[in-house]
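Remarks on the structure that follows.
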Amino acid sequence: MTESTLQESSSPIKPTTKSERIPELDALRGFALLGILLMNIEYFTNSSYSLLLGNSSDYSGINLFADRFTLIFIEGKFWVMFAMLFGMGFAVIQTRMQNTRRSFGRFYLKRMIVLMVFGALHGIFIWTGDILFSYAFAGMVLLLFRKTKISRLWKYSLFFFFLLILLFLSSGVPDPKAPVDEFTTYLQTQLELSNQVYPFGSYFEVSKLRFSEFALTASMSMLFFPYFLSVFLFGAFVYKKGILNNLTEHKALLKKVLIIGLPVGLLLAVPSSLAVEKNIDDGYMGALQAISAVIMCLSYVSGFLLLAMNNTFNLRSALAPVGRMALSNYILQSLVFSTLFYGYGLGLWGSVSRAALIPMVVVFFVFQCILSQWWMKSHRFGPLEWVWRKLTYGKI
């Protein structure tokens, strides 16, 4: 091995330059962060045990409208979008490493291990609704498909999605007369405990409860492992197919997905969302909800890219900086809102109406746009992105 080869194999991957970046992709990541916060905000002021129990709400008036709007248009859709972007990120790094002699598998595995640590710290010490831990675990499995041909990526994606649907359908409709099992009793006990600890407990007491809650939600999220993998693979397929690099060329396809996908997705989303609202624990409705989330997500992505191509509403310049430091902004959302709602902070738990949560999100996201623009003017990475990169390489 020559000296030049040794230098090439040991040198870090150079950061993506401004000319290499796809501004529409960065802006889409920023848009996904807004949707993620609109989805998560309810669970900063409500225990995730209520989500696991499927407790129905007693909202009325404008609060009922806000809740149903979120269920139909937000819930699940932006989670899918964020996962799709994760798969695209996998493909971006793999593509950029093809001309180096570094091992992509080893590099990406280290990257996922660091992300898993971030996720665990986030879930235990800041907010229990973390998704990074599960993403990192699924990202490790995604490595098994790194040599898969582009033409097969979407087929594997479809396979894992059908597997998820089969899991939903196999659960069927539960018997309402069946006795309450021990697990449900445990969840109900923990829900009562969380409704006491989160609004009034100290940071130590909250973190202790967060630990047990994070362990449960992280393990249960593994049930959706086929969902993660399916969307990751589809995101990798979209990037490797070159759609994002030739948006103008694929403009007709994007319009078709938007025009067909949005109404079809809504037709499926409304009944499944009403089932969630009425606390109908039905595997068939769960399958319907998963299908509608994917279809509506694709229509959102298509519509957003069409707007971003023309920089309508100045989307690229407004949202791209947010997307470039997505990890930092995601953690910042949790840090700020957990401090606002938990007892060791301002203690607003349960005191803000469902409808009022939405403008709170919008105002804070505007602040994140301004903050991100300011930060990226003088830095190449977000603060946590810098830490992530340095820990992956094992050196400062």
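Take the conditions touching a residue at least 40 places away in the same chain (Cβ under 8 Å) and under 17 Å from L229 (Cα atoms) and apply them to L144. Does it pass? It is false that L144 is touching a residue at least 40 places away in the same chain (Cβ under 8 Å) and under 17 Å from L229 (Cα atoms).
Filtered by the rule that a residue be free of Cβ contacts under 8 Å to residues at least 40 places away in the same chain and in a helix (DSSP H, G or I), segment 217-243 gives a lone residue, S219.
Of all residues in segment 195-211, those being surrounded by 14 or more Cβ atoms within 10 Å (Cβ to Cβ) and of a type in the set (G, A, S) number 2.
Out of segment 297-335, which residues are of a type in the set (G, A, S) and closer than 23 Å to L266 by Cβ? Result: S299, S302, G303, A308.
Does F200 count as under 29 Å from S170 (Cα atoms), of a type outside the set (A, V, I, L, M) and in contact (Cβ under 8 Å) with a residue 60 or more places away in the chain? For F200, the condition - under 29 Å from S170 (Cα atoms), of a type outside the set (A, V, I, L, M) and in contact (Cβ under 8 Å) with a residue 60 or more places away in the chain - is not met.
Remark: pairs (first residue in segment 21-42, within 20 Å of F341 (Cα to Cα); second residue part of a loop (DSSP other than H, G, I, E, B) and among the aliphatic types (A, V, I, L, M); Cβ separation under 8 Å; 6+ apart in sequence or on different chains) = G35/I74; L38/I74; M39/I74.
Considering only segment 41-110, give the helices (runs of 4 or more DSSP H) lying wholly within it that have at least 1 residues that are modelled with pLDDT of 90 or more.
The helices (runs of 4 or more DSSP H) meeting that bar are 61-73, 77-97.
From L332, L288, which residue is modelled with pLDDT of 95 or more, surrounded by 19 or more Cβ atoms within 10 Å (Cβ to Cβ) and of a type in the set (A, V, I, L, M)?
L332
Scanning segment 249-256 turns up at least one residue that is assigned to a helix (DSSP H, G or I) and crowded, with 16+ Cβ neighbours inside 10 Å. Could you tell me whether segment 22-38 includes any residue that is within 19 Å of the chain's Cα centre (by Cα), farther than 29 Å from F90 by Cα and assigned to a helix (DSSP H, G or I)? Within segment 22-38 (the criterion being within 19 Å of the chain's Cα centre (by Cα), farther than 29 Å from F90 by Cα and assigned to a helix (DSSP H, G or I)), the answer is no, since none of the residues qualifies.
Restricting attention to segment 69-117, and to residues there that are among the small types (G, A, S) and within 19 Å of the chain's Cα centre (by Cα), which single residue is surrounded by the most Cβ atoms within 10 Å (Cβ to Cβ)? Filtering first and then ranking leaves G87. The set of residues from segment 200-216 being closer than 15 Å to G343 by Cβ and either in a helix (DSSP H, G or I) or touching a strand residue (DSSP E or B) at 6+ places or on another chain (Cβ under 6 Å) (or both) comprises F200, Y203, F204, E205, V206, S207, K208, L209, R210. Out of K155, K177, one residue alone is modelled with pLDDT of 95 or more and surrounded by fewer than 16 Cβ atoms within 10 Å (Cβ to Cβ). It is K155. Out of the residues in segment 118-152 that are hydroxyl-bearing (S, T, Y) and more than 30 Å from Y342 (Cβ to Cβ), state the one that is surrounded by the fewest Cβ atoms within 10 Å (Cβ to Cβ). Among those residues, the one meeting the criterion is S151.
Given segment 308-396, what helices (runs of 4 or more DSSP H) lie entirely inside it while holding 3 or more residues that are without any contact (Cβ under 8 Å) to a residue 24 or more places away in the chain and out of contact with any helix residue (DSSP H, G or I) (no Cβ under 6 Å at 6 or more places or on another chain)?
Filter on segment 308-396 gives 354-376, 383-393.
Going by the structure shown, is L144 more than 24 Å from L25 (Cα to Cα) and not in a loop (DSSP other than H, G, I, E, B)? Here the answer is yes, as L144 does meet what is asked.
The single residue among S134, S103 that is touching a helix residue (DSSP H, G or I) at 6+ places or on another chain (Cβ under 7 Å) and of a type in the set (G, A, S) turns out to be S134.
Residues in segment 85-116 that are touching a residue at least 40 places away in the same chain (Cβ under 8 Å) and of a type in the set (A, V, I, L, M): 8 in all.
Being touching a Phe, Trp or Tyr at 6+ places or on another chain (Cβ under 6 Å) and either of a type in the set (D, E) or in a helix (DSSP H, G or I) (or both) narrows it down to one of G129, G119, G139, so name that one.
G119
Of all the numbered requirements in (1) surrounded by 21 or more Cβ atoms within 10 Å (Cβ to Cβ); (2) modelled with pLDDT under 95, L233 misses one, and that requirement is (2). Pairs meeting the criteria (first residue in segment 151-166 and closer than 17 Å to I243 by Cβ, second residue modelled with pLDDT of 95 or more and of a type outside the set (D, E), beta carbons under 6 Å, at least 6 apart or on different chains) are L153/L233; L153/A236; L153/F237; W154/F237; S157/S230; S157/L233; S157/F234.
Here G303, G261 are screened, and the one residue that is assigned to a helix (DSSP H, G or I), over 24 Å from C369 (Cβ atoms), modelled with pLDDT of 95 or more and not basic (K, R) is G261.
The values are calculated or read from the model by the stated rules, or taken from the named source; none is laboratory data. Since this is a predicted model, take the numbers as computed values, not measurements. Ideal geometry is used to build each Cβ from the backbone, glycine not excepted, and the neighbour counts take in all protein chains shown.
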